[in-house]
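Bear in mind that the values in this text are calculations on the coordinates, not laboratory data. Computed from a prediction, not measured in an experiment: that's the story for all the values here. Please note: Cβ atoms are built from the backbone with ideal geometry, for glycine as well, and neighbour counts cover all protein chains shown.
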Amino acid sequence: MNIIAVNPGHNGSVAFLVDGELKFYIEEERLRRSKYDGNPFRGILEAVQYGVDFIVLGGTSDQFATLPWTGEDSYTALVRKFCPNVQTVNLGDQHHLGHVAECFYNSGFEDAVAIIVDGAGSYHTISAGEDENKIENSGWETESIYDCSYPANFKPVFKKYGGNAQTTRSLVSNEIDMDNAVTITKAYEAVSHYLGFGFIEAGKTMGLAPYGKDDPDIPNIFINGRADKNLVTPSFPAGAFIEANRFPALQHKFDPTEWHRDPTKVTDAAKNLAWRVQQESQELVGDLIEKAVAITGKKNIVIAGGYGLNCVLTIICNNVFLILVFGAIQ
């Protein structure tokens, strides 16, 4: 059986499996030489020459633009030109589940708890209450905890959703936390943008962080687990911004990308803000780890998501010193 898995969105990619074995995985930018190419059509064309039985669609939405006449999504339509009997499995509304699978299956653990720390995963609508008191609330997956075991048992035990103030209200239970607060990765996105790297270049912000230090002129980013909205404005699903003009120490004196080319121009504010967001965000991830252990009783931890894939964590958790790069800890 030949399966092609398509990930549309930033860093669009294709994985091709033949009888359960990975034949190739490639990001579209490697083929097209255009960074962040989100639609992996060239990768698909690499796979169809071998024949495709199933196409599995990922991403952050199960609503794909459809083509005239057939009403198919463009990815399925392209594969069907070469493989007319292909069947489509749409998992676009299960973005965090995809992150869970990638980190769990690569961890080597038979059972574990997966923690996903992300900017904006799939968009979900949650219903609460009954009859005339029933309300519906919508938001994007931001932080999730899943109880995992082989062969494919993934149980969500806690999910946090975020959204913009105009569309997302507060909805809180033991398993769900939804509001329009600024979440961990959104704050990191804001700092990355402020530094001139762009929203999804968190790895570069992490690389700058060790050159900074605690600076009383740099405001705290998080208050009680949420980023200060006087400092950070989120823009779901993509992006967030530092309100630099409100804080004298953060006001730009020149284009921040200038020091990307000339390191002598990097400011103390840039270094110290990177240090601040790294320090405070990893403490919050430590809190998530403790929450996950408390809920599941499991101490095999795997982490993924936009934050988990880009950032090194140095955490004090349950009196154990952990240094984590994407992967697993025990």
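Quick notes on this structure:
- Computed log10 I(q)/I(0) for segment 2-90 at 0.24 Å⁻¹: -1.26, from the Debye equation with unit scatterers placed on every C-alpha and solvent omitted.
- Dipole moment magnitude, nearest 20 debye, the chain about Cα centre, only Lys, Arg, Asp, Glu C-beta charged: 740
- Ascending count of other beta-carbon atoms within 10 Å, so fewest first, for 140, 259: 259, 140
- Cα-Cα over 30 Å, subset of 186/253; 35/265; 204/291; 81/160; 159/229: 81/160
- Dipole magnitude (debye, nearest 20) for segment 184-276, charges at Cβ of Lys, Arg, Asp, Glu: 140
- Segment 2-90, relative contact order in percent, only Cα pairs under 8 angstrom and at least six apart counted: 29
- Taking 277, 157, 117 as the candidate residues, the one with maximal mean-square fluctuation in a Gaussian network model of the chain, Cα springs under 10 Å, is 157.
- Simple label model, 7 Å out from Cα along Cβ direction - residue 82 to residue 173, nm: 4.5
- Computed from phi, the 3J(HN,Hα) profile of segment 168-177 under the Karplus parametrisation 6.51, -1.76, 1.60 (θ = phi - 60°) reads 10, 9, 7, 8, 10, 8, 5, 9, 10, 9 Hz, with x in place of Gly and Pro.
- Panel order for 118, 73, by other beta carbons found within 10 Å of each beta carbon, from fewest to most: 73, 118.
- Neighbour-count order for 142, 60, fewest beta carbons within 10 angstrom listed first: 60, 142
- Rough spin-label spacing in nm, given labels placed 7 Å along Cα→Cβ, for residue 66 and residue 24: 3.3
- Pair-distance distribution P(r) for segment 100-259, from all Cα-Cα distances in 10 Å bins starting at 0: 10, 32, 30, 20, 7, 1 percent.
- Whole-angstrom gap from segment 16-53 to segment 145-209, using each part's C-alpha centre: 28
- Helix content alone sets the calculated 222 nm mean residue ellipticity of the chain: runs of n ≥ 4 DSSP H residues at -39500 (n - 2.57) each, divided across all residues, give -8000 deg cm²/dmol.
- Averaging Cα coordinates gives a centre for segment 245-315 and one for segment 71-122; these two points are 27 Å apart.
- Subtracting the Cα-Cα distance of residue 235 and residue 254 from 0.36 nm times their residue separation leaves 4.4 nm of extension gain.
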